[in-house]
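The values are calculated or read from the model by the stated rules, or taken from the named source; none is laboratory data. Just so it is clear, the structure is predicted and the values come from calculations on it, not from any experiment. Neighbour counts run over all protein chains shown; Cβ positions are idealised from the backbone, glycine included. Side chains are part of the model used for accessible areas, which takes the heavy atoms of the whole protein and leaves out ligands, DNA and RNA. Shrake-Rupley method; radii C 1.70, N 1.55, O 1.52, S 1.80 Å.
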Amino acid sequence: MTSYLKTTPNADGFFGDYGGAMLPPPLEPHFKEIREAYATISKSADFIAELRQIRKNYQGRPTPVSYLKNLSKLCGGAQIYAKREDLNHTGAHKLNHCMAEGLLAKFMGKTKLMAETGAGQHGVALATAAAYFGMECEIHMGEIDIAKEAPNVTRMKLLGAKVVPVSFGGRSLKEAVDSCFQSYIAQADTALFAIGSVVGPHPFPMMVRNFQHVVGIEARDQFLEMTGDLPDMVAACVGGGSNAMGMFSGFIDDACVSLYGVEPLGTSSNLGDHAATISFGADGDIHGFRTLVLTDENGEPAPVHTVASGLDYPGVGPEHAHLHKTGRVNYTTADDKEALKAFYALSRHEGIIPALESAHAVAFAMREAGNNPGKSILINLSGRGDKDIDYVTETYGFGEDL
Ligand SMILES: Cc1ncc(COP(=O)(O)O)c(C=O)c1O
């Protein structure tokens with residue numbers, strides 16, 4: 001582990017000014033138990049060996065890095081590469097932390113895993129972990145996302161999870177987190193709330209980052225082996241920020257590598273039309289931690305929109321707020337149209353159908369390639385787009401009008 005990762009966050013879970021744990025009193029002992037259990041297992045040779053075994057023989061890691069030669073040629077300028085988390089079992093990076101959280105739950109003697117989900121990828125990954133470890137699983141999902149991501153709802157049910165539809169407020173990711181917290185309070189003795197990203201009260205932002213760190217470690221080694229050098233630019237989409245933190249953490253101490261987080265600009269920069277929290281948000285609290293938040297005129301989390309359900313969150317992981325403040329990571333945006341164009345382009349020219357979330361990182365690479373001749377751009381292709389094909393083709397056809 002690098003020096004940055006060892007010292008960040010501090011013992012109270014703060015990344016500079018952001019993070020911490022603001023918990024309702026009934027949850028305090030449960031989070032203390034989680035912190036202590038994580039501190040124990042993260043230093044346990046047995047835990048590390050079992051996780052490595054699972055990653056290799058069950059998840060199919062390491063996932064490869066692919067050189068996107070056709071897209072590079074099409075865009076002109078920089079050479080574009082992708083870390084293929086779409087090839088991780090269940091089709092996204094989410095399984096990296098879910099299998100580890102399943103192991104943690106087993107160590108703690110829990111019998112149930114529960115979480116929120118937006119695009120359904122975290123829900124599928126957690127349901128998979130629950131099936132593997134022989135546990136119950138409860139997934140909260142907004143009604144809008146249930147309609148949009150129907151294949152993932154079917155997958156979760158096949159895997160044995162109970163899917164709880166969330167019908168209040170914006171019926172999306174933020175409300176799914178609210179609903180899951182409510183349900184968790186009543187069953188925290190027997191369940192682990194395996195939060196779906198680098199968000200939530202300490203220790204989740206740190207723990208999920210550390211479980212995703214494998215992505216950055218592998219990608220750095222693979223890129224060096226492939227090209228003999230480090231990439232000039234590394235980019236990932238940012239919802240809560242777990243795939244981005246996994247990737248960035250591998251390069252965080254390499255000052256020569258520029259890091260880019262790509263937020264969803266939705267349909268416009270007007271409040272309510274996007275979910276670009278770092279670009280437009282202000283300091284605030286959400287779901288038990290301090291970070292940047294998009295708020296309405298009453299100071300409440302604002303409604304958000306993006307074509308990618310997994311990026312539809314009015315907050316962001318506290319470490320991203322910190323890395324934005326320190327300037328180590330550059331945050332930028334891609335809108336729905338750019339993401340859709342990238343979705344079609346990667347499918348048509350590389351034979352890889354990306355998740356709509358990941359398509360935001362592809363859009364960044366396509367836009368920036370022309371501005372960076374002779375450079376290399378490595379993106380995290382966080383997931384595959386099978387879950388999105390019905391919604392995309394029914395709504396936008398095959399991309400002729402974009
Ligand atoms: C494929 C994929 N990428 C990215 C995300 C966004 O999450 P995060 O920002 O935590 O990586 C999601 C969320 O569902 C996802 O399914």
Tally up the residues in region 198-210 that are open to solvent by 10 Å² or more (accessible area, probe 1.4 Å) and either outside any loop (DSSP other than H, G, I, E, B) or within 16 Å of Gly239 (Cα to Cα) (or both), please.
3
So, Met108, is that one in the same structural domain as Thr154 (by TED's automatic domain parsing), farther than 17 Å from Met156 by Cβ and in contact with a helix residue (DSSP H, G or I) (Cβ under 9 Å, 6 or more places away or on another chain) or not?
yes
Total residues in region 151-160, condition touching a residue at least 12 places away in the same chain (Cβ under 8 Å) and more than 12 Å from the ligand (Cβ to nearest atom):
6
Quick check on my filter: what residues within region 1-15 are at pLDDT 95 or above and crowded, with 16+ Cβ neighbours inside 10 Å?
Thr8, Pro9, Gly13, Phe14, Phe15
Of all residues in region 79-94 being of a type in the set (A, V, I, L, M) and more than 11 Å from the ligand (Cβ to nearest atom), the one that is most open to solvent (accessible area, probe 1.4 Å):
Leu87
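When only residues in region 138-150 that are part of a helix (DSSP H, G or I) and of a type in the set (Asp, Glu) count, which is nearest to the ligand (Cβ to nearest atom)?
The selected residue is Asp145.
I'd like the full set of residues that are within 15 Å of the ligand (Cβ to nearest atom) and either free of Cβ contacts under 8 Å to residues at least 40 places away in the same chain or over 21 Å from the mean Cα position of the chain (by Cα) (or both), limited to region 211-237. So that I can check it myself, show each step before the final result.
Applying the first criterion (within 15 Å of the ligand (Cβ to nearest atom)) to region 211-237 yields 211-216, 219, 234-237.
Gly216 - this is the single residue of region 211-237 that is within 15 Å of the ligand (Cβ to nearest atom) and either free of Cβ contacts under 8 Å to residues at least 40 places away in the same chain or over 21 Å from the mean Cα position of the chain (by Cα) (or both).
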Residues located in region 45-63, provided they are open to solvent by 20 Å² or more (accessible area, probe 1.4 Å) and in contact with an Asp or Glu (Cβ under 9 Å, 6 or more places away or on another chain)
Pro62
Before we move on, is Lys83 of a type in the set (Lys, Arg), in the same structural domain as Ala361 (by TED's automatic domain parsing) and in a helix (DSSP H, G or I)?
no
With crowded, with 24+ Cβ neighbours inside 10 Å and in the same structural domain as Ala244 (by TED's automatic domain parsing) as the only criterion, which of Glu319, Glu297 stands out?
Glu319
Determine which member of the set Met135, Met108 is touching a residue at least 60 places away in the same chain (Cβ under 8 Å), surrounded by fewer than 24 Cβ atoms within 10 Å (Cβ to Cβ) and away from the ligand (no atom under 13 Å from the Cβ).
Met108
Mind listing whichever residues of region 341-374 are buried (at least 16 other Cβ atoms within 10 Å of the Cβ) and small (Gly, Ala, Ser)?
Ala342, Ala345, Ser347, Ala355, Ser358, Ala359, Ala361, Ala363, Ala365, Ala369
So which residues in region 350-379 are closer than 15 Å to Asn70 by Cα, within 20 Å of the chain's Cα centre (by Cα) and assigned to a loop (DSSP other than H, G, I, E, B), if there are any at all?
Ile352, Ile353
Sort through Asp221, Asp285, Asp253, Asp229 and tell me the only one that's surrounded by fewer than 22 Cβ atoms within 10 Å (Cβ to Cβ) and within 21 Å of Glu368 (Cα to Cα).
Asp229
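In region 64-78, what residues are part of a helix (DSSP H, G or I), open to solvent by 20 Å² or more (accessible area, probe 1.4 Å) and out of contact with any Asp or Glu (no Cβ under 6 Å at 6 or more places or on another chain)? Step through it out loud before you land on a result.
At the first step, the residues of region 64-78 found to be part of a helix (DSSP H, G or I) are 69-75.
Next cut, open to solvent by 20 Å² or more (accessible area, probe 1.4 Å) only: 69-70, 73-75.
The answer is Lys69, Lys73, Leu74, Cys75.
Which of the residues that make up region 152-197 are part of a helix (DSSP H, G or I) and open to solvent by 60 Å² or more (accessible area, probe 1.4 Å)?
Step one: list which residues in region 152-197 are part of a helix (DSSP H, G or I), which gives 152-158, 173-185.
Thr154, Arg155, Lys157, Leu158, Gln182, Ile185 - these are the residues of region 152-197 that are part of a helix (DSSP H, G or I) and open to solvent by 60 Å² or more (accessible area, probe 1.4 Å).
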Tell me, please, whether a residue that is part of a strand (DSSP E or B), out of contact with any His (no Cβ under 7 Å at 6 or more places or on another chain) and within 16 Å of the ligand (Cβ to nearest atom) can be found in region 117-127.
yes
Just one of (1) at pLDDT 95 or above; (2) away from the ligand (no atom under 14 Å from the Cβ); (3) out of contact with any helix residue (DSSP H, G or I) (no Cβ under 7 Å at 6 or more places or on another chain); (4) open to solvent by 10 Å² or more (accessible area, probe 1.4 Å) trips up Ala302, so point out which.
(4)
